[in-house]
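Undergrad: If you scroll down you'll find the structure; I have some questions about it.
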Amino acid sequence: APCATKCVEGDAVKIILMSVFVDDQEKAKDFYTRVLGFLPKNDSPVGNYRWLTVVSPEGPDDVELLLEPNDNPIAQAYQQGLHAQKIAAATFGVEDVHREYVRLKELGVQFTLEPAKMGPVNIAVFDDTCGNLIQIASPA
């Protein structure tokens, strides 16, 4: 895509890390790896917390998802506000929302929105057990 402002070829900005606030890092690591199928990438102590990241098995050297503690009151308010308004904290792409919905339901995942067509995509929304609603999406 062409640059909206002046840019030099090769100046592309790349997403390397995104965060999702979690109320319990160990519980989040279990859910995101065992249930969703992400792979652990980093798990290092940082004070009272951990630098805990997971990655997609399809792109282990691509974007990392930081499972960030919500210990800060602002983070808690943000997370709780999103959840109360039924706004997903993140959207993950899947090949087939309907198939992933069935797989996750069989693992006990609680959905707040069953698969639905929204324009060019199918979506569903579930609770990640760590304070977030997560949306999955696939082409319609």
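Undergrad: Which pairs turn up if I take residues in the range 42-60 that are more than 12 Å from residue 32 (Cβ to Cβ) and look for partners that are hydroxyl-bearing (Ser, Thr, Tyr) and open to solvent by less than 70 Å² (accessible area, probe 1.4 Å) with beta carbon separation below 6 Å, at least 6 apart in sequence or on another chain?
TA: 42/53; 51/44
Undergrad: In addition: Between a first residue in the range 76-99 that is at pLDDT 95 or above and a second residue that is open to solvent by 40 Å² or more (accessible area, probe 1.4 Å) and polar (S, T, N, Q), which pairs have beta carbons less than 6 Å apart while being 6 or more apart in sequence or on different chains?
TA: 88/135; 91/135
Undergrad: Could we say that residue 45 is open to solvent by 70 Å² or more (accessible area, probe 1.4 Å), out of contact with any Ser or Thr (no Cβ under 8 Å at 6 or more places or on another chain), more than 24 Å from residue 15 (Cβ to Cβ) and not acidic (Asp, Glu) here? Working first, answer last.
TA: Numbers: open to solvent by 70 Å² or more (accessible area, probe 1.4 Å): yes; out of contact with any Ser or Thr (no Cβ under 8 Å at 6 or more places or on another chain): yes; more than 24 Å from residue 15 (Cβ to Cβ): yes; not acidic (Asp, Glu): yes.
In short, yes.
Undergrad: So which residues in the range 102-125 are assigned to a helix (DSSP H, G or I) and either charged (D, E, K, R) or within 23 Å of residue 22 (Cβ to Cβ) (or both)? Can you show your working first?
TA: Residues of the range 102-125 that are assigned to a helix (DSSP H, G or I), as a first pass: 102-106.
The answer is 103, 104, 105, 106.
Undergrad: Let me ask you something else. Cβ-Cβ below 7 Å, separation at least six or inter-chain, first residue in the range 117-130 and more than 18 Å from residue 99 (Cβ to Cβ), second part of a strand (DSSP E or B) and open to solvent by less than 20 Å² (accessible area, probe 1.4 Å): which pairs?
TA: The qualifying pairs are 127/133; 128/134; 130/22.
Undergrad: I would also like to ask the following. Just to be sure, is residue 113 farther than 27 Å from residue 13 by Cβ and open to solvent by less than 80 Å² (accessible area, probe 1.4 Å)?
TA: Values: farther than 27 Å from residue 13 by Cβ: yes; open to solvent by less than 80 Å² (accessible area, probe 1.4 Å): yes.
Against the criterion (farther than 27 Å from residue 13 by Cβ and open to solvent by less than 80 Å² (accessible area, probe 1.4 Å)), residue 113 qualifies.
Results for (1) surrounded by fewer than 14 Cβ atoms within 10 Å (Cβ to Cβ); (2) assigned to a helix (DSSP H, G or I); (3) out of contact with any helix residue (DSSP H, G or I) (no Cβ under 9 Å at 6 or more places or on another chain), shown as yes or no for each residue.
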position: 61; (1), (2), (3): yes, no, yes
position: 66; (1), (2), (3): no, no, yes
position: 71; (1), (2), (3): yes, no, yes
position: 82; (1), (2), (3): no, yes, yes
position: 100; (1), (2), (3): no, yes, yes
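Undergrad: Turning to a different aspect of this structure: From the list 17, 39, which residue is more than 29 Å from residue 105 (Cβ to Cβ), surrounded by fewer than 16 Cβ atoms within 10 Å (Cβ to Cβ) and at pLDDT 95 or above?
TA: On the way: 39 fails: more than 29 Å from residue 105 (Cβ to Cβ).
Criteria check complete, one pass: 17.
The values are calculated or read from the model by the stated rules, or taken from the named source; none is laboratory data. Remember, predicted model here, so these are calculated numbers, not experimental data. So basically every Cβ, Gly included, is an ideal-geometry build from the backbone, and we count neighbours across all protein chains shown. Side chains are part of the model used for accessible areas, which takes the heavy atoms of the whole protein and leaves out ligands, DNA and RNA. Shrake-Rupley method; radii C 1.70, N 1.55, O 1.52, S 1.80 Å.
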